[in-house]
1. Test of understanding: ordering A:V72, A:V211, B:V56 by Cβ neighbours within 10 Å, fewest first, what list do you get?
2. Computed over the Cα atoms of the stretch B:1-63, what is the ratio Rg over Rh, Rh following Kirkwood?
3. Using R₀ = 45 Å, calculate the FRET efficiency as 1/(1 + (r/R₀)^6) where r is the Cβ-Cβ separation of A:F21 and B:Q42; round to 0.05.
4. Work out from phi, with θ = phi - 60° and the Karplus expression 6.51 cos²θ - 1.76 cosθ + 1.60, the ³J(HN,Hα) of each residue of the stretch B:69-83, listed in order in whole Hz, and give x for Gly and Pro.
5. Could you work out, residue by residue across A:147-160, how many beta carbons of other chains sit within 10 Å of that residue's beta carbon, and then give the average as an integer?
6. Report, by chain and number, residues whose modeled amide H sits under 5 Å from the one on A:A299, excluding near sequence neighbours (fewer than 5 apart, same chain).
7. Among the GluC sites (Glu not before Pro) in the stretch A:317-354, which ones are in a DSSP loop with at most 13 other Cβ atoms within 10 Å of the Cβ? Mind listing them?
8. Would you calculate the separation in nanometres between label points at A:K288 and A:T312, each defined as 7 Å from the Cα along the Cα-to-beta-carbon direction?
Amino acid sequence: MSWSTVLTMLKYFGIGTPGFFLLGLVLYMAIKYPTRFTKLLAILMALGYKVFKAGERKAIALNIEGKVNDFVHNAASQITGMRAAQVRIVWTDVATTKAEFVAQDRLVINMKRFANQDRNFVHATMAFIAVAFLPRAKKLLTVTQRSALDLYTAQTLLAEQAGPLLEHFLDDFWGNEAASRPKVMELVEDFYLIDKVGLFRPVLIQELENVGRKVFHRDRRFLVATDVSTLVRFLCRYAKRSVGDETVPLRHLGAYCRCQIMIIARHARLVKGDIEPYVTFIREVFDKKVENLYLIGPAAPDNWEFMNAIATEATRRLPITEVATKRYPGSILVKGRRTKVESYLIHLRSKESVTYFDRDYEKEFIIPALGESRTEPAPECDASVPASSRPSSSA
Amino acid sequence: MEHRETTELSAVLEKDLEQALDALGVLEPLRAGQACCRFCRQTATLANLFGYYPDVEGVALVCDSPTCIRTLMDLLRTGDVKL
C-alpha cells in the first residue's frame with residue numbers, strides 16, 4: 001500500500017494532512033514512550049471525565065436555577081417588600097459520613113441524569129416554593145392553605161413552560177391533591193378565580209406578605225388562618241362582581257388583614273377632575289384602621305392620570321405612602337360576560353400600620369373587630385360619607 | 001444593587017447516589033430490599049428514591065410516590081425537614 005493510498009483513505013474518513021501528522025505523532029509517542037503515553041492518556045481521560053461530570057452537574061443546576069429564579073424575580077417584583085429569594089443547587093459530597101449528614105440536617109434530592117431534566121425541575125421547584133415562597137406567612141396558615149398556595153403558585157410557574165414539565169407536575173402533584181385533598185383544590189379554584197381578575201399577586205399575596213411581617217406576642221395562627229379564609233372569600237366575591245354592582249363589599253376588616261379596594265372609573269368625576277370626594281373617602285378608610293388601600297381602575301391614560309392625582313393628593317394630606325403602582329391584565333364581568341381589560345392599581349399603605357401586636361393593642365382593636373362582621377358592606381353604603389361626596393364604584 | 005437571599009437545595013446526581021448512600025451506610029440494606037420509605041413503608045430502591053434526610057431513626061429515605069413527595073413538602077413548609 002503506497003503512502004498516497006493511505007493519505008487518500010484518511011481523507012476519505014475526513015482526516016486531512018494536519019490530522020495525519022497528529023495521528024502519526026500520537027502513534028510515535030505510543031511506541032517510543034509507552035509508559036509515559038499511558039500516564040498522559042490516564043490524566044486526559046480523568047480530566048475529560050471530570051469535565052463531563054462537572055458539565056452535566058452544571059447543566060442541571062443552571063437549568064433549574066435559571067427557570068426558578070426568573071419566575072421568583074418576576075413574582076417578587078409585583079409584591080412590595082417581598083424578598084426575591086433565589087435557588088442555588090449545591091451538589092452533596094458523596095463521601096459525607098452519617099455523622100456529618102446528621103450535623104448538616106438537610107434534605108438531599110436525587111437528581112436524574114441530564115436527559116431526564118423535566119422531573120428534576122418540577123421537584124426542585126416544589127421544594128423551593130415550599131421553603132422560600134412566603135415562608136413567614138405560611139407558618140401562620142393551615143396545612144390546606146399552605147398546600148393550596150404552593151400548588152397554585154407552582155402551577156402558574158409551570159404553565160408557562162411547555163410539554164412534559166406540566167405533565168410531570170400534573171402526575172406527581174396536581175392529580176394527587178385533586179384525588180385526596182378536595183379542600184386544597186377548592187382553595188386552588190378560589191385562587192384561580194381571584195387571579196382571573198388579576199388580584200392574586202398584587203392583593204392576596206401582598207396581604208399575605210404583610211401578615212408574615214407582623215410580630216405576635218402569643219400564638220395567633222388560628223386567628224390569622226381565619227382571617228386569610230375570609231380575605232379569600234372577600235376577594236372571590238369581588239372577582240365575581242359585575243361592573244356596576246354596588247352591593248359587593250369592597251372592604252375587608254379582619255383582625256390582622258385590613259384592606260380596602262376602591263374603584264375609580266366614574267367618567268363624570270373624571271371629566272370634572274373632581275378628586276376631593278375621593279380624598280375625603282380615603283381619609284375615612286384609613287380612620288377605620290385599614291392598612292392597605294388598593295385604588296383600581298381602567299388603565300386608560302386619562303383615568304390613570306386621574307388616579308395618580310388622587311393618590312398624590314391623599315399622600316400629601318394623610319399619613320399614608322404610595323408603595324406601588326402597576327398595570328395588569330384581568331378579566332371582569334360585564335353584563336354577565338367575562339371581558340378582558342387592562343387595569344391600573346395604586347397601592348396606598350398607612351404609615352400607622354401595626355407590626356407588633358401586644359395585649360393592649362389587641363384588647364383595643366382586635367377583639368372588638370372579631371365581634372364585628374369581618375367583611376363590611378360596600379363603602380358606598382357607609383353613612384359617614386355624604387351621598388353627594390361618595391365616590392362611585394361603577395367600574 | 002438588589003440583595004437576593006439564596007436558598008440552597010442539596011442534590012445528588014443519580015449516578016453518584018450509590019456512593020453517597022454507601023458513605024451513609026444505607027446502600028446495603030437498600031440493595032437487599034430491607035430499606036423502606038419513611039412515609040409509606042414500601043420498599044425503597046435506587047430507582048424509586050426521591051431523596052433522603054436525617055431524622056431520629058438515622059437516614060430517612062423517601063420514595064417518589066406522589067403522596068410521599070407531598071408529605072415531604074408539608075414537612076418542608078413547617079420546617080420539620082430542612083433544605
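1. So the residues, fewest neighbours to most, are B:V56, A:V211, A:V72.
2. Over the Cα atoms of the stretch B:1-63, Rg/Rh equals 1.11.
3. 0.15
4. Residue by residue, the stretch B:69-83 yields 5, 5, 4, 4, 4, 4, 5, 5, 5, 7, x, 5, 10, 10, 7 Hz.
5. Mean inter-chain Cβ contacts per residue within 10 Å come to 1.
6. Those lying under 5 Å, H to H, from A:A299 are A:E342, A:S343, A:Y344.
7. Of the GluC sites (Glu not before Pro), the ones in loops of the stretch A:317-354 whose Cβ has at most 13 other Cβ atoms within 10 Å are A:E352.
8. For A:K288 paired with A:T312, the spin-label model returns 2.8 nm.
No value in this document is a laboratory result; all are computed from the given coordinates. What you see is a predicted model; the values in this text were computed from it and never measured. Virtual Cβ from ideal backbone geometry, glycine too; neighbours counted across all protein chains shown.
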